[in-house]
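Engineer: There's a structure below that I have some questions on.
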Amino acid sequence: MYWLVALMSFAIVGLILAGLYLELRPVHARRVRPWFKPALATQLVVFVGAQIGLLLLGMNAAFAEEVVEVVAITEISTGMGLAIIGAGIPTGLSTIGAGIAVGPIGAASLAAITEKPETLGRTLIYLGLAEGIAIYGLVISILLLNRI
């Protein structure tokens, strides 16, 4: 299984190195694919190649493990399903609210920093408060899941 991790690590490192190379040497990038964004195309080829290698070489290793213990699958009742959905709703709604809050605050903070660079600290505090909304929803969901 270690070689699967190594293959995926190679894919990620390959993506990073190919992107850096093609961004720093745009002359070579034009020869690769003139009709497509070169860095994206090369990174896509490296990633898809690593994924195909993972599928071809790693399929047997992934499926060859034997199940040691067989756990009985219990059915989830309607009430339990609704409780789990209800526990996830605070995270979803708070994340949407944080996204709505961070957009205008981020735009306004960039404008304020452009005019007065010394306001960077205040604007970061405002952005942190807006992002804190999502964390509050996550905490509530965790507390609700502990009650189920």
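The values are calculated or read from the model by the stated rules, or taken from the named source; none is laboratory data. Since the structure is predicted, the reported quantities are computational estimates derived from the model, not experimental observations. Reconstructed Cβ throughout: ideal geometry from the backbone, glycine too, with neighbour counts over all protein chains shown.
Engineer: Within segment 122-148, which residues are over 30 Å from ILE84 (Cα atoms) and either over 27 Å from the mean Cα position of the chain (by Cα) or among the aromatic types (Phe, Trp, Tyr) (or both)?
Structural biologist: Passing the criteria: ARG122, TYR126.
Engineer: Out of the residues in segment 23-32 meeting the condition of being in a helix (DSSP H, G or I) and modelled with pLDDT of 70 or more, tell me which one is surrounded by the fewest Cβ atoms within 10 Å (Cβ to Cβ).
Structural biologist: By that ranking, first place goes to LEU24.
Engineer: Criterion first (more than 30 Å from ASN146 (Cβ to Cβ), out of contact with any Asp or Glu (no Cβ under 6 Å at 6 or more places or on another chain) and of a type in the set (A, V, I, L, M)) does ALA87 satisfy it?
Structural biologist: No; evaluated as a whole, the condition is false for this residue.
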